[in-house]
Amino acid sequence: SWPEPNHHTILCADFAEAFAVLDQCPRHWGIDVMEMCGGEGLTSYICIRRWLTTGHNFEIMTGCDLNNPQHQSAVWQYMDISLPLVVVMAPTCAPFGPLGRRNRTTYPEAWRRSYAWAAPHGRFCGHVALRQCVNGRYYFSEQPHGSDLYAEDPWPRVVSRDDALELVMDQCTVGQRNNLGMLVRKRTSLRANHLALLQPFRGLVCDGS
């Protein structure tokens with residue numbers, strides 16, 4: 001179950017209510033963490049337990065379609081008001097990872113459908129990361145190692161910056177398992193623009209055990 005919100009937490013039913021609340025806050029006010037493509041919002045869950053201020057989880061499961069230009073516009077408005085210190089994002093990786101590259105050759109039509117769904121919000125996440133950099137704030141992005149997402153505009157501009165960092169980890173080192181209960185290595189690329197965001201994952205490389 002989710003932890004009880006602290007006295008700084010305000011629960012809002014939708015974007016409109018969230019904007020109304022945020023508009024009443026001083027302009028210097030900012031949240032600690034905002035999620036994009038965060039699934040069930042586990043990052044926000046952990047942040048609340050650690051007494052960090054969290055924003056909305058912009059995810060299809062929460063009624064936000066990041067492929068929709070109107071919803072993208074709402075995200076920009078939200079960020080302009082909430083000033084998130086860190087945006088944590090895990091864009092859809094299906095057409096971009098190693099399996100996706102194989103499917104591009106073996107099942108091209110299915111790959112094109114997957115790409116048409118994943119690419120728009122993957123690129124939008126890149127624009128969010130770039131804005132965070134320009135505004136002196138931070139982003140954290142997770143993708144399979146070698147993901148082709150970072151070739152999509154504007155990600156090349158993000159990852160070629162002097163402050164761009166990458167760390168590769170193996171998910172088995174943090175207990176990732178498949179539906180049979182077997183450990184899954186799954187090499188994963190973590191990208192951010194501050195070392196502190198990657199530091200907890202240093203050394204998490206499979207040794208074969």
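The values are calculated or read from the model by the stated rules, or taken from the named source; none is laboratory data. Source: prediction; values computed, not measured. Cβ: placed from backbone, ideal geometry, glycine included. Neighbour counts: every protein chain shown. Accessible surface is based on the protein model in full, side chains and every heavy atom, while ligands, DNA and RNA are left aside. Shrake-Rupley method; radii C 1.70, N 1.55, O 1.52, S 1.80 Å.
Things worth noting here:
- With the simple model of a label 7 Å out from the Cα in the direction of the Cβ, residue 106 to residue 12 spans 4.4 nm.
- Of the accessible area of the chain, computed with a 1.4 Å probe over protein heavy atoms only, carbon and sulfur atoms account for 54 percent.
- If only the Cβ of Lys and Arg carry +1 and only the Cβ of Asp and Glu carry -1, the dipole of the chain around its Cα centre is close to 700 debye.
- 10 Å Cβ shell holding at most 14 others, DSSP loop, trypsin sites (Lys or Arg not before Pro): longest site-free stretch of the chain: 51-160
- Selected from 73, 205, 141, residue furthest toward positive end of dipole (the chain; charges at beta carbon): 205
- In the chain, helical runs assigned H by DSSP with n ≥ 4 each contribute -39500 (n - 2.57); averaged across all residues and rounded to the nearest 500, the mean residue ellipticity at 222 nm is -11000 deg cm²/dmol.
- With all protein chains in place and ligands, DNA and RNA left out, the 1.4 Å accessible area ranks 54, 188, 62 as 62, 54, 188, largest first.
- The heavy atoms of residue 166 present about 90 square angstrom of accessible area, all protein chains included, probe 1.4 Å.
- The alpha carbon centroids of the range 168-209 and the range 61-86 are separated by 28 Å.
- Considering only the chain, percent of DSSP beta bridges that pair antiparallel, nearest 5: 50
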